[in-house]
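Everything on this sheet refers to the single structure shown next.
The values are calculated or read from the model by the stated rules, or taken from the named source; none is laboratory data. No experiment lies behind these values; they were computed from the predicted model shown. FYI the Cβ positions are ideal-geometry reconstructions off the backbone, even for glycines, and counts take in every protein chain you see.
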Amino acid sequence: MDTLLFGISGLPLGDGSIKFNYARGIDYAKSIGLDAMELLFVRNVNVTDNNKNLILEAKLRNNFYLSAHGSHYINLNANEPDKQEQSLERIMKALEGLAKVGGRSLIFHPGFYLNDSKEEAYFTIRDNLLRLPLTGVDFRLETTGKGTQFGTLEELVSLCKEISSCKLCIDFAHIHARYNGNLKGFIDFVKILKYVSDELGESALEDLHIHIGGVNYNEKGERNHLPLLQSDFNYVDCLKAIKYFNVKGCIISEGPMVEKDALLLKGTYEKL
């Protein structure tokens, strides 16, 4: 990509006067200066034959970037083979829904360690990801926020090296929460982006999908999302590091303030 886009996860809040669906949400987000939306397929794929045309028209009309967050019920390392198959089916249903509206990236958490070693979980998840088809949509593996979840930066970078259909989604808030608030300042964020560049090449920073948001956490990791200004997440230094590396791609703001935090991120970035 040749620029850095800013967008929202799910539907905007607005002022309460409009009941948003995806199409109206895209129009509204564009009108306030945003360029991207992550559709939420976390419970079900809510792009259907009834609304796909309206969403696609809104996307094209606004030159808008669409991604989607896949089901929360994905575990490619499940103990039972049928649950692994069901996880693959959920990914494919999300892929089909996103493709209907010209979406670019499908984001999901690959799974959990359960009782397996980290190495065993890695190989099982890798083998399942290799079964996914090569399409025009990128499978974005998201860094996870709890120690029980597979998805450290190192694990996902390694998978992206091995699987051509997979790319990275860096959720900085998840990394911050997973390690009990370890992202303190500019250098901490620089280390992450330098690691990605060193391991995957500079091209990875030219097409990066990023989540930023406030996060509540404890020693076990992520608990819930917070408004940026009510959290200890250092979004200013995070954005400074992103600008320092001239990162391109898309930043999605996650959290209860939706477009308000997305505009806070965009406005802060533009002033740096």
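In table form, for the structure just shown:
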item: Residue selected from region 2-47 under the condition of a type in the set (Val, Ile, Thr) and touching a residue at least 12 places away in the same chain (Cβ under 8 Å), by the criterion nearest to Ala204 (Cα to Cα); result: Thr3
item: All helices (runs of 4 or more DSSP H) inside region 166-225 with 1 or more residues being over 26 Å from Glu259 (Cβ atoms) and of a type in the set (Lys, Arg); result: 172-178, 186-200
item: Some residue of region 221-230 being on the phi > 0 side of the Ramachandran plot and in contact with a strand residue (DSSP E or B) (Cβ under 7 Å, 6 or more places away or on another chain); result: yes
item: Top-ranked residue of region 112-127 - restricted to ones that are closer than 18 Å to His72 by Cβ and free of Cβ contacts under 8 Å to residues at least 40 places away in the same chain, ranked as farthest from the chain's Cα centre (by Cα); result: Leu114
item: Helices (runs of 4 or more DSSP H) contained in region 1-100 and holding at least 2 residues touching a helix residue (DSSP H, G or I) at 6+ places or on another chain (Cβ under 6 Å) and exposed (fewer than 14 other Cβ atoms within 10 Å of the Cβ); result: none
item: Single match in Tyr22, Tyr73 (criterion: among the hydroxyl-bearing types (Ser, Thr, Tyr), within 20 Å of Ile251 (Cα to Cα) and at pLDDT 95 or above); result: Tyr22
